[in-house]
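The values are calculated or read from the model by the stated rules, or taken from the named source; none is laboratory data. Just so we're clear, the structure is a prediction, and the values are computed from it rather than from any experiment. With ideal geometry, Cβ positions are generated from the backbone for all residues, glycine too; neighbour counts draw on all protein chains shown. Calculation scope for accessible area: heavy atoms of the full protein, side chains included, ligands and nucleic acids excluded. Shrake-Rupley method; radii C 1.70, N 1.55, O 1.52, S 1.80 Å.
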Amino acid sequence: MSGGRLSYPERQRVAAGLADGLSYAEIGRRLGRPKSTVIREVARNGGAHDYRADRAEQAARRRARRRVPAAPLAPPVRAAADPRTRGDFETRFARMAAQTGMPSMMARVLICLFTAESGSRTATELAARLRVSPASVSKAVAWLEERGLLRRERDGRRERYLIDDHVWQRAWLASMEGMAQWTDFTRQGAELFGGDTLVGARLLETSHWLRHIRQDMIDAAGHWRQVSRTARS
């Protein structure tokens, strides 16, 4: 199973995997779920240290009862930009993304999805539109998926890559997971080298700083979820 919400037995397996020290990626592989699904499940239910399958199941049921489909808003009618203007915008958009740290090809693929009417394209469509090789597209897609910036869907015999309204939430959760790993390893390094050494002190200070930053991210994510729930109610 690759889509839909987790079942209670799956939540029990998530809890068991966390107790065994498995990574989110490994738990996802064992469930047949994307890593981003596991990250989102754990982050919204107490984090790796406080996750409990029964509490997560109860919270999911409460959310399902509260969720009422909202009537879609009609988008404003605007004149479509001509292809040259759209192309210029996509080029500038991708250049901005690259200047802020994203590899150039990954930025081009992501922006190409953002500016697609459906928010999705196949590998063949991406390669043709960007005028690059399928191998370049494949590498970029793997990089973006690892960071929660897109997901895959089967479209007959083809795979379709898409973004949706939760793209930045998934990216944020993936970033939090990376931050947790950095925090843990720098703490381990400080213990290994000893706090009375220059290396140990440097690693310990880094671990403390990363822990505070990650907590700020968790608090911000909680605030965003509260705002989102209020907006839906």
Exercise for the section: Look at the range 135-175 and say how many of its residues are more than 15 Å from the chain's Cα centre (by Cα) and without any contact (Cβ under 8 Å) to a residue 24 or more places away in the chain. Expected result: 5
Completion exercise
Over the range 154-202, the set of residues part of a strand (DSSP E or B) and open to solvent by 80 Å² or more (accessible area, probe 1.4 Å) is Arg154, Arg158
Exercise for the section: Out of the residues in the range 86-116 that are over 20 Å from the mean Cα position of the chain (by Cα) and modelled with pLDDT under 85, state the one that is nearest to Ala142 (Cα to Cα). Expected result: Gly87
Practice task
Count, please, the residues in the range 90-132 that happen to be surrounded by 14 or more Cβ atoms within 10 Å (Cβ to Cβ) and among the polar types (S, T, N, Q).
Solution key: 3
Handout entry: Selection within the range 133-153 - aliphatic (A, V, I, L, M) and open to solvent by 30 Å² or more (accessible area, probe 1.4 Å)
Key = Ala135, Ala142
Exercise for the section: Test Leu6 against the criterion of being open to solvent by less than 50 Å² (accessible area, probe 1.4 Å) and either closer than 22 Å to His166 by Cα or touching a strand residue (DSSP E or B) at 6+ places or on another chain (Cβ under 7 Å) (or both), and give yes or no. Expected result: yes
Problem - Residue within the range 48-57 that is touching a residue at least 40 places away in the same chain (Cβ under 8 Å), open to solvent by 20 Å² or more (accessible area, probe 1.4 Å) and under 22 Å from Leu144 (Cβ atoms) present - result: no
Completion exercise
For helices (runs of 4 or more DSSP H) lying entirely in the range 8-60, having 3 or more residues that are farther than 25 Å from Ala142 by Cβ picks out 8-19
Exercise for the section: Please go through the range 168-208 and pick out each residue that is of a type in the set (D, E, K, R) and within 28 Å of Leu150 (Cα to Cα). Expected result: Arg170, Glu177, Asp184
